[in-house]
Structures are given as C-alpha cells and as structure tokens.
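None of the figures in this text is laboratory data; all of them are computed from the coordinates on show. The structure displayed is predicted, hence computed values, not measured ones. Note that we place each Cβ from the backbone using ideal geometry, even for glycine, and neighbour counts take in every protein chain shown.
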Amino acid sequence: MNLFMKNDINLSFTDTKEITKIYPDNKKNIFKQSENYHIFFCEGLILTKKIKNKFKITFFNKKNSLFNYINKTVYFGKFKDKHIFIHNISLEEKTKTSLKQVKFFNKKIKKEKISRSSFSDLRTIFANLSIKDSSIAGIAKSLINWKLTNTFCTKCGEKFANPINFKWETQCIACKKIYFPRVDPVIIVIVVKGNKVLIGRSHHFPKKLYSCLAGFIELGETLETAARREILEEVGVYINDIKFITNQPWPFPSSLMFGLIAKAKNKKLKVDKNEIEDAFWISKQELKQVLNGKNNNIIAAREGTIARFLLEKWVKNEI
Ligand SMILES: [Zn+2]
C-alpha cells in the first residue's frame with residue numbers, strides 16, 4: 001500500500017509541492033514589486049472570487065484602498081514565480097463589531113470596483129476551491145490566525161514587535177526566544193466491525209452530519225495509543241489492527257489529521273454524551289446511500305475531508 005495516498009481523490013489542503021519558502025529581500029518595498037502577490041483576510045475570512053459555483057483566492061499584485069487597512073502581514077512563500085504575502089485588514093474603531101467590519105470591506109470592494117470578490121469562510125467554501133488554492137488558503141489562514149493571536153512572549157512577557165522580515169516564526173526582541181507556528185496533531189479513525197463501520201457526530205456539527213471519530217493526540221502518545229484511548233473514551237469500543245492510511249492538514253485552526261483504520265473488538269457502544277452527541281454502526285450498503293446523498297436523515301462528512309476519503313475508500317473496498 002502506498003503510504004501517502006494523495007492526489008488519487010480530492011483531498012483539500014494537501015497540495016503544497018510547488019510552494020517554497022524563499023524569503024524575499026526585505027529592504028525593498030514589498031508593495032512595489034509586480035512579482036509580489038497579496039492575499040487578504042478579515043476576521044478570519046479570506047477574500048475570494050466566486051465563478052459559477054467554484055471559488056478562487058483573490059490575489060492582488062497592485063495596490064488598492066484595502067492596503068490602507070493592513071494591521072498584520074506574513075510572508076507566505078513562493079508559489080511558482082509569485083511571492084505571496086498574507087495580510088489581515090481591520091478598522092481602527094473598536095466600536096465596529098466583527099460582522100460590521102466584514103460588511104464594511106465587502107461594500108468597499110464593490111463600491112470602488114476593486115475586484116469582484118468578497119470575504120468568505122474557508123470552512124464553507126474549501127471543497128469549491130481547487131486543491132492548490134485550498135492548500136494556499138489553509139496555510140495562509142493558520143498562519144495569519146497564529147500571528148494575530150500570539151502577540152506576547154510567554155517566556156519574558158514582552159509584547160512582540162511587528163517583524164519587518166514577515167517571517168513565519170516570531171522572535172522576541174527582548175529575550176530572543178523564537179516561536180514557530182504550532183501544529184496540533186489529531187487522529188481520525190475509521191473503525192470497522194465486519195460489514196459495518198462506526199460513524200458519529202459532535203455536538204457542534206451541522207445538522208444530520210456524521211463523520212469518523214477523531215481526537216487530539218496527547219503528550220507521550222503514539223498514533224495508535226491516541227486512537228485506542230479516544231475510541232474507548234468516546235464509545236467504549238476496544239480497537240486493534242490499527243493502520244495508517246493518509247493524512248491531511250486541517251486549518252481550523254491548525255491541525256494535522258492522521259487518518260487511521262482499525263478493527264473493533266467489541267460491538268456494544270457506550271456513547272459518552274459529554275464527548276460526542278451520537279454514534280452508531282452503519283453497513284456498507286447504507287453508507288453507500290449516505291455517500292450518494294440518498295439518505296434523508298444522515299449527511300456524510302463533506303467532499304475534500306479526510307473523513308470522507310476514509311469512508312469512500314472503505315465502501316469501495318480499497319482499504
Ligand atoms: Zn521574550
């Protein structure tokens with residue numbers, strides 16, 4: 001089995017092979033070079049263009065009035081021949097609520113005919129982006145979010161200065177400690193028992209949506225021990241024969257999902273309602289219908305997600 005089964009199915013956020021981190025000359029004005037491209041975020045939303053039912057990231061390589069509202073910049077890297085910079089824009093007035101800010105900028109873009117774009121939620125649109133655009137958008141979202149929420153040194157308490165090199169890492173000017181954007185590892189498991197698999201839903205999931213069970217990896221755990229603990233905690237099922245299938249960066253806010261398949265030793269479920277809302281065993285035939293959208297009560301994890309990938313592979317007898 002190929003260890004990294006990428007690109008044989010639409011797995012969002014996974015195509016980063018053309019991205020390189022070559023830091024540009026920071027003495028030059030980054031806004032005055034036509035080979036530099038700029039992506040914008042506001043309140044965690046990314047500026048995109050909608051073309052029919054597909055979305056594309058909006059890249060600017062010329063200045064417009066949005067550039068006057070930048071409060072944070074990070075250098076993303078080089079994609080093919082473009083240097084990409086990520087910017088967050090914000091209004092100074094603290095009275096504006098987040099929704100009002102987004103509205104303000106969306107209106108401005110339209111009124112000034114800056115672009116036929118608007119700010120949208122990556123979580124809603126990622127399946128309608130190309131895999132390449134979703135990969136750029138995912139990194140950009142995690143990176144700008146990390147920069148905006150990590151503003152003080154946890155070693156000495158100093159406030160971080162706005163770095164002029166726009167690098168991913170942040171260095172404290174006082175104690176020189178360097179911080180790198182964090183990645184949180186998560187396991188997601190398709191648990192099989194004969195002709196059935198286990199699907200479940202969290203309290204925060206959209207209505208009717210079911211997925212594979214998942215959880216954060218804790219200190220000192222391997223992928224296998226994390227999977228064993230999570231599945232036992234959530235549904236009271238012991239698992240064995242755990243195998244790695246594939247992985248996916250998940251930028252909400254910054255996880256790496258390890259997709260595993262495992263066999264259940266017992267069938268009886270003891271669902272911990274504090275952890276998840278519901279879980280049950282579903283047969284291959286029933287799951288096929290769910291994946292084809294032919295079940296009125298259940299919706300499967302969306303296209304582009306690792307959960308969907310695992311469920312589809314299992315239905316097709318490919319894992
Ligand atoms: Zn410090």
At a Förster radius of 41 Å, what calculated FRET efficiency corresponds to the Cβ-Cβ distance of GLU158 and ARG116, to the nearest 0.05? 0.45
Expressed as a fraction of 2.2 N^0.38 Å, the rule-of-thumb size for a compact globular protein of N residues, what is the C-alpha radius of gyration of region 126-195? 1.60
Using the Cβ atoms and a cut-off under 10 Å, what net charge is assigned to the surroundings of LEU209, where Lys and Arg are +1 and Asp and Glu are -1? +4
As computed over region 130-170, the Cα convex hull volume per residue (Å³): 72
Taking Rh as the Kirkwood radius computed over C-alpha pairs, what is the Stokes-Einstein D of the chain at 4 °C in a medium of viscosity 1.567 mPa s, expressed in µm² per second? 60
Can you list, largest first and rounded to whole Å, the semi-axes you get for region 158-222 by taking the square root of 5 times each eigenvalue of its Cα gyration tensor? 41, 15, 10
Which of the chymotrypsin sites (Phe, Trp or Tyr not before Pro) found in region 238-319 are loop residues per DSSP with 14 or fewer other Cβ atoms within 10 Å of their Cβ? TYR238
If you check each cysteine of the chain for another cysteine whose beta-carbon is under 4.7 Å away, which ones come up empty? CYS42, CYS212
Most positive-pole-ward Cα, GLY138, LEU148, CYS175, against dipole of region 109-185 from beta carbon charges: LEU148
Kirkwood hydrodynamic radius (Cα pairs, Å) of region 166-303? 16.5
Roughly how many nanometres apart are two label points built 7 Å out from the Cα toward the Cβ at LYS316 and PHE252? 2.4
Between LYS176 and LYS108, what length comes free when the chain is fully extended (0.36 nm per residue of separation minus the Cα-Cα distance, one decimal in nm)? 20.4 nm
Spin-label pair ASN10/VAL271, simplified geometry with 7 Å Cα→Cβ offset, distance in nm: 2.9
Set the Förster radius R0 to 41 Å, insert the Cβ-Cβ distance between LEU91 and ALA127 as r into 1/(1 + (r/R0)^6), and round the FRET efficiency to 0.05. 0.85
Those aspartates and glutamates that a straight Cα-Cα span of less than 17 Å connects to LYS273, excepting residues fewer than 8 apart in one chain: GLU230, GLU233, GLU234
Could I have the simple spin-label model distance between THR151 and LYS284, label points 7 Å from Cα toward Cβ, reported in nm to one decimal? 5.5
Looking at the chain, send over the antiparallel percent of its DSSP beta bridges, to the nearest 5. 70
Using θ = phi - 60° and the Karplus curve 6.51 cos²θ - 1.76 cosθ + 1.60, what whole-Hz ³J(HN,Hα) does each residue of region 300-305 get, with Gly and Pro shown as x? 7, 3, 6, 3, x, 9
Could you list the trypsin sites (Lys or Arg not before Pro) in region 139-239 that lie in coil according to DSSP, counting only those with at most 16 other Cβ atoms within 10 Å of their Cβ? LYS155, LYS167, LYS176, LYS177, ARG182, LYS207, LYS208
Note, PHE252: beta-carbon cut-off 14 Å, +1 each Lys/Arg, -1 each Asp/Glu, net +2
Overall form of region 19-149 per C-alpha gyration tensor (a/c, 1.5; a/b vs b/c): rounded
Once the convex hull of the C-alpha atoms of region 114-232 is built, how many Å³ does it hold per residue, rounded to a whole number? 200
Specify the longest stretch of the chain that does not include any exposed loop site, a site being one of the GluC sites (Glu not before Pro) with a non-H, G, I, E, B DSSP assignment and at most 11 other Cβ atoms within 10 Å. 219-319
